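Right, one structure below, let's go through it.
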Amino acid sequence: MASTKPPVTPPASTPDSSDVYGVFVDDINQGTASRIVNGITSAIAARSKHIHVMFQSWGGFAGDGVMLYNFFRSLSVIDLTLYNSGQLCSGAVTAYLGAKHRVASPRSIFMIHKSHNSPQFATAAKMDRVAKCLVLDDERSESIWRDHVKMPEELWQQEQHHDLHLTGEQALEFGIATELGEFAPPPGAQIYRV
């Protein structure tokens with residue numbers, strides 16, 4: 001005998017269960033990069049379709065930013081949207097550029113700069129190795145930035161010598177962000193710490 005009950009449909013205000021919301025507020029380093037990868041792969045295993053992450057970081061290690069950039073770019077089974085709701089700097093900007101969808105608050109800031117290191121008590125030989133590594137970090141970071149960021153040459157020249165700060169509006173204009181907006185999970189959505 002067929003059931004006469006109508007199918008149950010969730011109310012319109014219920015968040016889409018295929019969307020996952022997270023918040024990342026930390027440095028970019030090996031430990032946090034591992035945490036981000038674990039969170040995203042867990043969401044993929046749970047068959048989520050879209051991950052939304054509020055992404056806030058003063059930066060960190062260039063190599064970990066490059067790895068996250070490459071990881072984010074490789075995601076073909078899930079949509080990833082990163083939101084700059086405050087500030088992204090250095091290696092965090094590199095990682096951010098790997099996401100397909102990049103949202104910037106109009107009140108957000110982006111900062112890029114040359115790599116630096118302050119080795120205390122280093123020998124001349126060690127300083128030489130550090131300088132060579134810094135050049136390599138600069139080359140790979142700038143390669144990623146120039147693939148995405150279309151800003152005037154005078155700003156690239158400023159970045160050669162100083163920290164370069166850009167607003168959310170400039171980030172959109174120059175291709176760092178794909179849209180302006182805010183991280184705004186729907187009512188009832190669970191928000192995870194990444």
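The values are calculated or read from the model by the stated rules, or taken from the named source; none is laboratory data. Being a predicted model, the structure only gives us computed values, none of them experimental. Cβ placement follows ideal geometry from the backbone for every residue including glycine, while neighbour counts extend to all protein chains displayed.
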Could you tell me which residue of region 89-107 is farthest from Phe71 (Cα to Cα), considering only residues that are touching a Phe, Trp or Tyr at 6+ places or on another chain (Cβ under 8 Å) and assigned to a strand (DSSP E or B)?
-> Ala104
Identity of the residue in region 69-95, out of contact with any strand residue (DSSP E or B) (no Cβ under 7 Å at 6 or more places or on another chain) and surrounded by 22 or more Cβ atoms within 10 Å (Cβ to Cβ), that ends up farthest from Phe110 (Cα to Cα) = Tyr69
His165: over 25 Å from Ser42 (Cα atoms) and modelled with pLDDT under 95, yes or no?
-> no
Among the strands (runs of 3 or more DSSP E) contained in region 14-85, which hold 2 or more residues that are β-branched (Val, Ile, Thr), under 15 Å from Tyr192 (Cα atoms) and in contact (Cβ under 8 Å) with a residue 60 or more places away in the chain?
-> 19-25
Options Ser57, Ser108, Ser115; residue that is modelled with pLDDT under 95, of a type in the set (Gly, Ala, Ser) and either buried (at least 22 other Cβ atoms within 10 Å of the Cβ) or touching a Leu at 6+ places or on another chain (Cβ under 8 Å) (or both) = Ser115
Test Asp64 against the criterion of being among the acidic types (Asp, Glu), modelled with pLDDT of 95 or more and surrounded by 18 or more Cβ atoms within 10 Å (Cβ to Cβ), and give yes or no.
-> yes
Find the residue count for region 168-191, including only residues that are under 16 Å from the mean Cα position of the chain (by Cα) and either surrounded by 14 or more Cβ atoms within 10 Å (Cβ to Cβ) or at pLDDT below 95 (or both).
-> 10
Among the residues of region 110-128, is any in contact with a strand residue (DSSP E or B) (Cβ under 9 Å, 6 or more places away or on another chain) and of a type in the set (A, V, I, L, M)?
-> yes
Residues of region 146-194 satisfying the condition of being in a helix (DSSP H, G or I) and either touching a Phe, Trp or Tyr at 6+ places or on another chain (Cβ under 6 Å) or hydroxyl-bearing (Ser, Thr, Tyr) (or both) | Ala171
